[in-house]
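Peer 1: This is the structure, below, for whatever I ask next.
The values are calculated or read from the model by the stated rules, or taken from the named source; none is laboratory data. Computed from a predicted structure; not experimentally measured. Positions of Cβ are backbone-derived with ideal geometry, glycine not excepted, and every protein chain shown enters the neighbour counts.
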Ligand code: NOJ
Ligand code: MG
């Protein structure tokens with residue numbers, strides 16, 4: 001197998017507040033992640049992506065960054081981070097950070113300066129506009145968290161733009177100094193040895209230069225969330241974003257693409273330092289050059305873009321003449337109708353839409369979206385696991401999904417997510433999917449020595465890693481088996497994909513690599529189904545079922561029980 005690590009590999013998302021606490025504050029931390037690395041390596045994943053760990057007032061739980069080149073004391077220190085990264089690499093795993101370039105915290109020194117006066121050199125680092133003639137906001141843009149996206153600043157008599165909270169002012173990516181400063185941030189972490197970034201709201205980063213009103217959304221209904229009142233035609237997904245993404249990619253490629261070595265420390269650096277005053281860079285000065293030998297060993301650096309867009313728009317983020325991100329996140333499975341024919345069409349359309357050389361990727365959930373077990377039910381969560389880990393493309397798992405964790409109801413007094421608090425009661429809150437990882441049946445599920453920051457899943461005495469690891473029929477065991485099969489069969493990891501003819505609730509496809517062809521057959525319904533195997537597969541037999549003991553194949557017909565998924569091999 002010669003594919004770069006991120007094509008063959010599986011990514012595991014960690015929400016750091018909720019993975020493992022080691023200092024008894026009820027909040028997960030970097031030492032906690034380090035403590036659980038053997039679990040992750042044993043599970044069989046290849047890379048971890050950690051949601052933001054930077055110093056932050058936590059107005060949006062870390063997606064409001066006050067210092068891009070540090071670690072929040074709640075999570076630990078930069079030394080803890082370096083130690084974690086060494087431990088990750090020692091196990092042959094990769095580590096991706098969450099990069100939040102669209103907006104900073106309003107407490108970031110850049111914004112503190114920017115709002116100090118209209119003449120401040122950093123004024124243009126953010127998006128400041130005069131009021132409309134009536135004194136109101138400059139246009140009708142709505143924050144993704146509800147309400148106007150413009151905040152009035154009394155002291156300087158202008159509005160600033162924030163696509164999210166007012167504590168998250170948007171940076172002005174049309175300003176070359178902002179670009180240079182953010183590139184410096186990326187170098188800071190790449191130089192430490194980070195293997196890549198998940199880029200927060202990549203499609204939001206550039207807005208139409210003249211800030212026209214967004215058109216009303218004809219499909220808006222109350223209860224959808226106020227952001228849906230308008231279509232984000234001018235406030236997101238602007239053509240200039242692709243040059244920005246290409247710039248980040250070129251920088252990442254300078255670190256280890258396709259086996260290049262990078263002996264010249266800090267090579268590939270434009271005149272960033274001439275464009276911005278040195279104070280902006282103080283925080284990001286390299287404190288620990290990574291030894292050249294280990295940087296060479298790291299291989300390609302990966303950029304993943306968080307992008308919620310329709311298929312045709314999404315594909316542009318792979319890049320055109322210039323490469324974009326390697327993986328524009330494909331969230332389609334999260335909202336897809338859970339129906340065999342509809343999923344077959346969705347998969348075929350996605351495969352067909354990929355640009356030449358574009359590598360697919362699949363996601364079932366993340367820290368913003370309903371958990372798969374809640375959305376599809378416990379039985380179909382197992383089917384979803386088999387689907388995610390056998391489709392062509394890089395899968396990203398969300399922590400806890402391997403336990404079949406459901407959304408956890410949060411008592412009103414404990415609700416902290418601004419998404420919930422700003423538009424209460426619409427089910428938009430994200431804390432139900434951010435609850436602590438249940439590790440064992442001991443106090444606080446082994447997550448902490450004290451009561452955790454969010455409640456545990458009520459069924460944690462049964463639904464926890466230690467218990468489920470021992471159960472042959474648990475979903476955790478199934479995840480382990482699926483990940484082991486991916487590792488053992490290049491056909492699953494990097495092989496070709498084609499749909500097979502199937503009927504009823506069955507979704508079936510073939511994965512092929514050189515002489516090896518595997519078949520995946522998934523029953524998306526609650527009644528027995530049949531699949532007639534293609535003639536070339538008459539000798540194929542089940543090697544894994546989501547329901548334990550393998551089903552029967554009789555005269556070319558595979559009988560799938562309710563909610564059963566099967567992988568067959570020759
Ligand atoms: C997307 C992140 O996934 C979400 O959690 C966050 O609130 C917004 N971006 C703003 O950064
Ligand atoms: Mg802690």
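Peer 1: Would you point out which residue out of 461, 436 is outside any helix (DSSP H, G or I), modelled with pLDDT of 95 or more and closer than 20 Å to residue 63 by Cβ?
Peer 2: 436
Peer 1: For residue 85, state whether it is in contact with a strand residue (DSSP E or B) (Cβ under 7 Å, 6 or more places away or on another chain), within 15 Å of ligand 1 (Cβ to nearest atom) and either more than 19 Å from residue 430 (Cα to Cα) or modelled with pLDDT of 95 or more (or both).
Peer 2: On the way: in contact with a strand residue (DSSP E or B) (Cβ under 7 Å, 6 or more places away or on another chain): yes; within 15 Å of ligand 1 (Cβ to nearest atom): no; either more than 19 Å from residue 430 (Cα to Cα) or modelled with pLDDT of 95 or more (or both): yes.
Taking the combined requirement at face value, the residue does not satisfy it.
Peer 1: When you look at residue 64, is it more than 19 Å from the chain's Cα centre (by Cα) and farther than 16 Å from residue 95 by Cα, yes or no? Let's see the steps before the verdict.
Peer 2: Details: more than 19 Å from the chain's Cα centre (by Cα): no; farther than 16 Å from residue 95 by Cα: yes.
It is false that residue 64 is more than 19 Å from the chain's Cα centre (by Cα) and farther than 16 Å from residue 95 by Cα.
Peer 1: Are any of the residues in region 92-100 surrounded by fewer than 21 Cβ atoms within 10 Å (Cβ to Cβ), within 24 Å of the chain's Cα centre (by Cα), in the same structural domain as residue 234 (by TED's automatic domain parsing) and part of a loop (DSSP other than H, G, I, E, B)?
Peer 2: To start, the set of residues in region 92-100 that are surrounded by fewer than 21 Cβ atoms within 10 Å (Cβ to Cβ) comprises 92-93.
Restricting the remaining residues to those that are within 24 Å of the chain's Cα centre (by Cα) gives 92-93.
Adding the requirement that they be in the same structural domain as residue 234 (by TED's automatic domain parsing) leaves 92-93.
Next cut, part of a loop (DSSP other than H, G, I, E, B) only: 92-93.
Yes; the residues of region 92-100 include at least one that is surrounded by fewer than 21 Cβ atoms within 10 Å (Cβ to Cβ), within 24 Å of the chain's Cα centre (by Cα), in the same structural domain as residue 234 (by TED's automatic domain parsing) and part of a loop (DSSP other than H, G, I, E, B).
Peer 1: Here's another thing I want to ask about it. Output the residue which, of all residues in region 67-81 that are buried (at least 23 other Cβ atoms within 10 Å of the Cβ) and over 14 Å from residue 108 (Cβ atoms), is farthest from ligand 1 (Cβ to nearest atom).
Peer 2: Among those residues, the one meeting the criterion is 81.
Peer 1: Search region 44-57 for residues being under 19 Å from the mean Cα position of the chain (by Cα) and over 16 Å from residue 90 (Cβ atoms), and hand back the single one that is farthest from ligand 1 (Cβ to nearest atom).
Peer 2: Taking region 44-57 as the starting set, the residues that turn out to be under 19 Å from the mean Cα position of the chain (by Cα) are 44-54.
Retained after the next criterion (residues that are over 16 Å from residue 90 (Cβ atoms)): 44, 49-54.
Working: 44: 25, 49: 11, 50: 13, 51: 8, 52: 8, 53: 14, 54: 12 Å.
By that ranking, first place goes to 44.
Peer 1: Further, regarding this structure: Just one of (1) over 28 Å from residue 427 (Cβ atoms); (2) assigned to a helix (DSSP H, G or I); (3) touching a residue at least 60 places away in the same chain (Cβ under 8 Å) trips up residue 113, so point out which.
Peer 2: (3)
Peer 1: Against the definition (farther than 22 Å from residue 54 by Cβ, in contact with a helix residue (DSSP H, G or I) (Cβ under 7 Å, 6 or more places away or on another chain) and at pLDDT 95 or above), how does residue 146 come out, yes or no?
Peer 2: Details: farther than 22 Å from residue 54 by Cβ: yes; in contact with a helix residue (DSSP H, G or I) (Cβ under 7 Å, 6 or more places away or on another chain): yes; at pLDDT 95 or above: yes.
Against the criterion (farther than 22 Å from residue 54 by Cβ, in contact with a helix residue (DSSP H, G or I) (Cβ under 7 Å, 6 or more places away or on another chain) and at pLDDT 95 or above), residue 146 qualifies.
Peer 1: Moving on to the next point. Need the failing condition index for residue 535 against (1) buried (at least 19 other Cβ atoms within 10 Å of the Cβ); (2) over 13 Å from residue 508 (Cα atoms); (3) free of Cβ contacts under 8 Å to residues at least 40 places away in the same chain, just the number.
Peer 2: (1)
Peer 1: Checking the conditions here, which among 64, 21 is assigned to a loop (DSSP other than H, G, I, E, B), surrounded by 21 or more Cβ atoms within 10 Å (Cβ to Cβ), within 14 Å of ligand 1 (Cβ to nearest atom) and assigned by TED's automatic domain parsing to the domain that holds residue 305? Before you say what the answer is, go through the steps one by one.
Peer 2: Details: 21 fails: within 14 Å of ligand 1 (Cβ to nearest atom).
Being assigned to a loop (DSSP other than H, G, I, E, B), surrounded by 21 or more Cβ atoms within 10 Å (Cβ to Cβ), within 14 Å of ligand 1 (Cβ to nearest atom) and assigned by TED's automatic domain parsing to the domain that holds residue 305 holds for just one of 64, 21, which is 64.
Peer 1: Of all strands (runs of 3 or more DSSP E) completely enclosed by region 140-216, which ones contain at least 2 residues that are closer than 11 Å to residue 103 by Cβ?
Peer 2: Those strands (runs of 3 or more DSSP E) span 158-161.
Peer 1: Tell me, yes or no, whether region 398-415 has at least one residue that is more than 30 Å from residue 247 (Cβ to Cβ), touching a residue at least 24 places away in the same chain (Cβ under 8 Å), touching a strand residue (DSSP E or B) at 6+ places or on another chain (Cβ under 9 Å) and outside the structural domain of residue 455 (by TED's automatic domain parsing).
Peer 2: Checked region 398-415: no residue is more than 30 Å from residue 247 (Cβ to Cβ), touching a residue at least 24 places away in the same chain (Cβ under 8 Å), touching a strand residue (DSSP E or B) at 6+ places or on another chain (Cβ under 9 Å) and outside the structural domain of residue 455 (by TED's automatic domain parsing).
Peer 1: Suppose we keep only residues that are part of a loop (DSSP other than H, G, I, E, B) and more than 16 Å from the chain's Cα centre (by Cα) within region 1-18. Which one would you say is nearest to ligand 1 (Cβ to nearest atom)?
Peer 2: 4
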